[in-house]
Amino acid sequence: MDPSLLPPQMRLVAELMDGLAQAAMAGSRVLQARYRRSRRPAHVPCRMPGKTTPMWNELVANLRVELAPRGTQARLARFLGLPRQRIHEFLKSHSRMPDAETTLRLFYWLSERRAGRDPSL
């Protein structure tokens, strides 16, 4: 449709809409350029529990003794802010390893339990 055939108010609205559309496209291009994902670094394999992790295996053995009473694993999961299934993956199925902060919190929890205090209560 020819814009000159529109009433003056509609031409003004059409010009404003055209300008807004162009500004939106320009802004979109700027954002796409700014947030374009760079190439991801090569995957570095994570160490998995097993024969190569003797200290982790010892921690797991000690944690299993403390986790024997019913409900203790759920309380530990709440203390760590993790799902209970994640604790199972760390300590029983050996399909995951915790990050450094979680490992330190596991050490803290174990030492408190051995001292007769339960930080997860």
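The values are calculated or read from the model by the stated rules, or taken from the named source; none is laboratory data. Since we're looking at a predicted model, the values are computed, not measured. Every residue, glycine among them, receives a Cβ derived from its backbone with ideal geometry; neighbour counts consider all protein chains shown.
Remarks
- Number of residues in segment 93-121 that are among the charged types (D, E, K, R) and in contact with a helix residue (DSSP H, G or I) (Cβ under 8 Å, 6 or more places away or on another chain) equals 5.
- Which listed residue, of T72, T103, is of a type in the set (S, T, N, Q) and within 21 Å of K51 (Cβ to Cβ): T103
- Leading residue by the ranking (surrounded by the fewest Cβ atoms within 10 Å (Cβ to Cβ)) among those in segment 30-77 that are modelled with pLDDT under 90 and hydroxyl-bearing (S, T, Y): S38
- Subset of segment 75-100 (residues that are within 17 Å of the chain's Cα centre (by Cα), closer than 23 Å to G50 by Cα and among the small types (G, A, S)): A77, A100
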